[in-house]
Amino acid sequence: MGLGCWKKKKEVTVTAGTTGAPVPGVSIAFTGPSIGGGPCPESKCVVPGTAGTYELDLSAPGYQTVHQSVVVSGTNPECGCPTAETQHLSIALPSA
């Protein structure tokens, strides 16, 4: 990446569908311009990467897995490397 160019992220907060409380033990898997996943400390997941469409799968013990497509907006500045805006998203997991 060029000088002054960096990747941003999408921050996802996961809550229980019935109560709105944070969900312990949440994990995320994602595909799109970036691919990855892992545990989400304190019910907050981070998807690093550039602009584009991402497919998210969120799961936790005792909850149904949720699949959601999200579009991250971004730009292609003069430095020639794409960037994305930091965005926030809340997703509620239904009980199993």
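Do we find a residue being assigned to a loop (DSSP other than H, G, I, E, B) and at pLDDT 90 or above anywhere in the stretch 40-55?
yes
Listed residues Leu89, Leu93, Leu58; which is closer than 12 Å to Lys10 by Cα and either modelled with pLDDT of 75 or more or not small (Gly, Ala, Ser) (or both)?
Only one candidate passes the filter, namely Leu89.
With respect to the numbered conditions (1) at pLDDT 90 or above; (2) closer than 20 Å to Pro24 by Cα, which one is the sole condition not fulfilled by Ser69?
The single condition Ser69 does not satisfy is (2).
The values are calculated or read from the model by the stated rules, or taken from the named source; none is laboratory data. Computed from a predicted structure; not experimentally measured.
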